[in-house]
1. Which one is nearest to GLU41 (Cα to Cα), of the residues in the range 63-99 that are touching a Gly at 6+ places or on another chain (Cβ under 8 Å) and at pLDDT 75 or above?
2. Can you work out which of the residues in the range 13-58 that are among the polar types (S, T, N, Q) and modelled with pLDDT under 90 is nearest to the chain's Cα centre (by Cα)?
3. Would you pick out the residues in the range 105-118 that are surrounded by fewer than 17 Cβ atoms within 10 Å (Cβ to Cβ) and closer than 12 Å to LEU50 by Cβ?
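The values are calculated or read from the model by the stated rules, or taken from the named source; none is laboratory data. Computed from a predicted structure; not experimentally measured. Because the Cβ atoms are built from the backbone with ideal geometry, glycine has one as well, and the counts that use them run over all protein chains shown.
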Amino acid sequence: MAAKTRSENADSTTHADESELREKFWRTAKRAARQVPFMDEVVAGYYCALDRNTPFRAKAILLAALGYFILPADTIPDIVLGLGFTDDVAVLTAAITAVRAHMTPAHRLAAKQALAEG
């Protein structure tokens, strides 16, 4: 078996990181669904951030907000009943408002389908 090149190792690490981030996003989204009234827009933002046609600035804003959303360390811990996602809602609202023009009907349809699948 041939040794992996640096590029192959980097690709493998990147894929593992992306898979872990996707898993964390969906786990957090499921927990937050009852507390975040616009979860459909959050998930549409997720699909917008993954879309290669989305401008870099919009992706950066969305990924920063989504990263904050899935991080366990938070201004208000997510486990605090009733308040846990308050800070996340504020960050996500600001991000979605800033990039709303880049969120397409295809992103919203993908979000609707993903949420319906549960």
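1. Looking at the filtered set, the residue picked out is ILE96.
2. To start, the set of residues in the range 13-58 that are among the polar types (S, T, N, Q) comprises 13-14, 19, 28, 35, 53-54.
Adding the requirement that they be modelled with pLDDT under 90 leaves 13-14, 19, 28, 35.
Values: THR13: 19, THR14: 16, SER19: 12, THR28: 9, GLN35: 16 Å.
Here the residue is THR28.
3. Those that are surrounded by fewer than 17 Cβ atoms within 10 Å (Cβ to Cβ) and closer than 12 Å to LEU50 by Cβ: ALA106, ALA114.
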